[in-house]
Amino acid sequence: MGSQSGIRPLVAGNWKMNGLAASLGEAGRVRERLEEGDFAAGVDVMICPPATLLGALAREAQGSRLMVGAQDCHQAASGAHTGDIAAEMLRDAGAVAVIVGHSERRADHGERSGDVQAKAGAAHRAGLMAIVCIGETAGERQAGLTLAVVARQLEASLPERAVAADTVVAYEPVWAIGTGLTPTAADVAEVHRHVRAALVTRYSKEGSRMRILYGGSVKPDNARELMRVAEVNGALVGGASLKAADFLAIVAACAP
């Protein structure tokens, strides 16, 4: 995990298409707990709410340890793109990061790795950290293609000038998202080692310092085991991030 490698862990909660104004209370509880003494002092913590709550959450989190991210952006800085949101707009609303290339975007909206690379570049242009998602489907895993798929997505989804400060990779096996299924620790270790080697080959020292998050049915009861796997530098958390108690338990599990 982060403490083993000298890389500071990150736990990012992806609320997906969940949350109304009342849900900000859960985020407020996370913020309050982070302000108490030394709670998980070595861990960076982020919540990525739907765009409707981004500005309000950013105001709520201002001056605290809780960072706020977004779930997607358009690759252009502005223009005739009804319903889309530019990375610069996210930054203006208070975001410090944006998730790009989540498997639900790739599947539901037909996004390809080239699109993801353009969005990651847009995030960097706007001064945001890009959290770039990669991962294989059940069919690809059963066919023994996991490492090949992950390597291909990684190569095509990351911008050429990525550095550790502005780029995070999140490995999310598609078949584990929201299913309750989780790869074994050995499965996770194999993929994360492969990702790390690819990052070092491409980005040299910066690649050795980039955070690689694990995502895919991370819950309080499996977080500690997953976070102790070599080259796992934190978690991208879905459903469990909607409840402060569950999310905070995962944050605690990530503490060095």
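Looking at 41, 58, just one residue is surrounded by fewer than 17 Cβ atoms within 10 Å (Cβ to Cβ) and either in a helix (DSSP H, G or I) or of a type outside the set (Phe, Trp, Tyr) (or both), and that residue is 41.
The one condition from (1) of a type outside the set (Phe, Trp, Tyr); (2) in a helix (DSSP H, G or I); (3) surrounded by fewer than 23 Cβ atoms within 10 Å (Cβ to Cβ) that residue 144 does not meet is (2). Filtering 127, 79, 139, 121 for residues that are of a type in the set (Gly, Ala, Ser), outside any strand (DSSP E or B) and at pLDDT below 95 leaves a single hit, 139. Counting only residues that are outside any helix (DSSP H, G or I), crowded, with 22+ Cβ neighbours inside 10 Å and not aliphatic (A, V, I, L, M), segment 232-250 holds 3 of them.
Annotation for segment 204-212: at least one member residue is within 23 Å of residue 47 (Cα to Cα) and in a loop (DSSP other than H, G, I, E, B). Looking only at residues of segment 113-159 that are under 17 Å from the mean Cα position of the chain (by Cα) and among the polar types (S, T, N, Q), we find that the one that is nearest to residue 195 (Cα to Cα) is 153. Kindly check whether there is at least one residue in segment 86-97 that is under 13 Å from the mean Cα position of the chain (by Cα) and within 29 Å of residue 208 (Cα to Cα). Yes, segment 86-97 contains a residue that is under 13 Å from the mean Cα position of the chain (by Cα) and within 29 Å of residue 208 (Cα to Cα). So is residue 185 touching a Leu at 6+ places or on another chain (Cβ under 8 Å), modelled with pLDDT under 95, closer than 18 Å to residue 227 by Cα and not hydroxyl-bearing (Ser, Thr, Tyr) or not? In short, yes.
The values are calculated or read from the model by the stated rules, or taken from the named source; none is laboratory data. Here the structure is a predicted model, which means the values were calculated and not measured. Quick reminder, even Gly has a Cβ in these numbers, built from the backbone with ideal geometry, and neighbours come from all protein chains shown.
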